Each structure stands twice: as structure tokens, then as C-alpha cells.
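J.: The structure is given below, and queries will be raised subsequently.
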Amino acid sequence: MNLSMTKIYKFQGDISTEALKELEKHSNLAIDTEGSGLQIPHRDNLSLVQFSTGNNDAYIIQPDRKNYRVPNVVKILENNTITKIGHYLRYDISGLEYFLKCNVRNIFDTKLASKLCRTYSQNHGLKDLAQEFCGKKIDKRLGSSDWNKNLNELTDAQLQYCSNDVIYLHKIKEALHKMLVRENRLEIYESCIQFLKTRIKLDQSGFAEDIFQH
């Protein structure tokens, strides 16, 4: 499917073996998820998983919510040789690991990186980064969609929204990594990434507040 020149591939259940082989060729993959709400996993569930190779494509997967069995998707998430690039992975990893029963390995979080090196701005959303580093305007209004609808019932606009969340991340990551090195903040960024899984465990245990505050 071609929407605004973006190559979109849809999968009900798991990705195909052919798609897995294609994705495994890449050392960096962008990733995002959509959920039925923001309270994952306490109230809401994982609805969609998106990947991109960085070549203006999007692989959109709707897991079976009865069992969330997606072994090919899990292979990618647990592959330590592939860097998974995401924006605000605190949300995505929480849903992926809880529902898919996996261990997401080797990640790069563009939101964390932005907050550490783009101290000249208070705006660290994906749309802000896409505008600055890719010259693209992202419309986020469709974010509040019913993503639990059957994949084939989603509109072209909704599919493009899902794609926009991943197709720019490679270029954003490259720019932010250079800035982290330039500002001598790569080490502290890597420490934050190591802590991210602990932060997610705190979220899932009900500790949403900053426990380091007085």
C-alpha cells in the first residue's frame, strides 16, 4: 500500500517470515506502538506495533489480543544486534514487555536524548523533532483513535499517522546522537537508558511519581 509515497505493510497477528528476514537485515529499526489508552497495562491494552527500516516504509502489526502470540515480532525486539529506535519508550516498552512477554533489548530513546541535548528548547515531542531535523510537519490529532478496530477498518489517514510515528526516527536519532557527543552527554544518556527498565517497573508497581524528589 502506498500512502503519500510511504510503503505500508499490514499484518494481522504476526509479521510473515519474509518480513522478518527483511527487517533482520537492518542494524537500526524504528519502533512504536498504539494502545487502547495511556494506562498500560493497568487498564488499557496493546493494540498495534509499528516498525520502519528508515526507507520510508512502515510495517504495522495488529497482534491477536486473545493471546498476543507474535514470535517473529519478539525475535526482532530481543535481537541485541538491532538497535530499536523509539520516542518515549517508557510507554512502548511497558506495553510490549507486559503483553508480548519479551525482553526488549538495545534501544535508543529520542525523547530522552532530546531532553539531554536540546536544552535550548522546552519542546521535545516527536512532532517538534521531525520539524527540526526532517523539515516535516506531523499531524498528531489522530492519536486519539480507536486502535482496537480491525486493522482493515483503519482509514488511510490513521495508517499514515501510525507510519509517521516511525518513518522519521532514523534521521532524528542520527542528529541527536551527534549532539549528545558534541555536548559530552552521551555517557549520562546511556546511564538513563540503563535505568529505563527500572523506571518502567516503578510505573507498573504504581510509583508514577518521581521517587527522587524530596
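J.: For the pairs LYS75/LYS127; LYS66/LYS201; LYS140/LYS201; LYS137/LYS201; LYS75/LYS111; LYS21/LYS178, flag any whose C-alpha to C-alpha distance is greater than 32 Å.
T.: Values: LYS75/LYS127 29 Å; LYS66/LYS201 24 Å; LYS140/LYS201 28 Å; LYS137/LYS201 34 Å; LYS75/LYS111 25 Å; LYS21/LYS178 30 Å.
Over 32 Å apart, Cα to Cα: LYS137/LYS201.
J.: Sticking with this one: When the Cα centres of region 138-214 and region 58-114 are compared, how far apart do they sit, in Å?
T.: 11
J.: Any idea what the dipole of the chain comes to, in debye rounded to 20, about its Cα centre with Lys/Arg Cβ at +1 and Asp/Glu Cβ at -1? Provide the component values of the computation, followed by the final result.
T.: Working: 30 positive and 27 negative charges, 41 e Å.
Result for the chain is approximately 200 debye, rounded to the nearest 20.
J.: Test of understanding: what is the full-extension gain from THR119 to SER205, defined as 0.36 nm times their sequence separation minus their Cα-Cα distance?
T.: On the way: separation 86, 0.36 × 86 = 30.96 nm, distance 3.07 nm.
Contour length minus Cα-Cα distance gives 27.9 nm.
J.: OK, next. Summing Lys, Arg as +1 and Asp, Glu as -1, what charge do residues with Cβ under 10 Å from the Cβ of THR83 carry, THR83 excluded?
T.: Local net charge: +3.
J.: Would you mind computing the Rg to Rh ratio of region 112-214 from its alpha-carbon coordinates, Kirkwood style for Rh?
T.: Details: Rg = 16.8 Å, Rh = 16.1 Å.
My calculation of the ratio gives 1.04.
J.: Something else now. Would you kindly work out the equivalent ellipsoid of region 1-117 from its C-alpha gyration tensor and give its semi-axes, the square roots of five times the eigenvalues, largest first in whole Å?
T.: Values: eigenvalues 76, 69, 43 Å².
Rounded to whole Å, the semi-axes are 19, 19, 15.
J.: Given N residues in region 2-204, what is its alpha carbon radius of gyration divided by 2.2 N^0.38 Å?
T.: After normalising by residue count via 2.2 N^0.38 Å, the value is 0.97.
Every number here is computed from the coordinates shown, using simple stated rules; none is lab data. All values reported here derive from a predicted model rather than from experimental measurement. Heads up, the Cβs are rebuilt from the backbone with ideal geometry, glycines too, and the neighbour counts pull from every protein chain shown.
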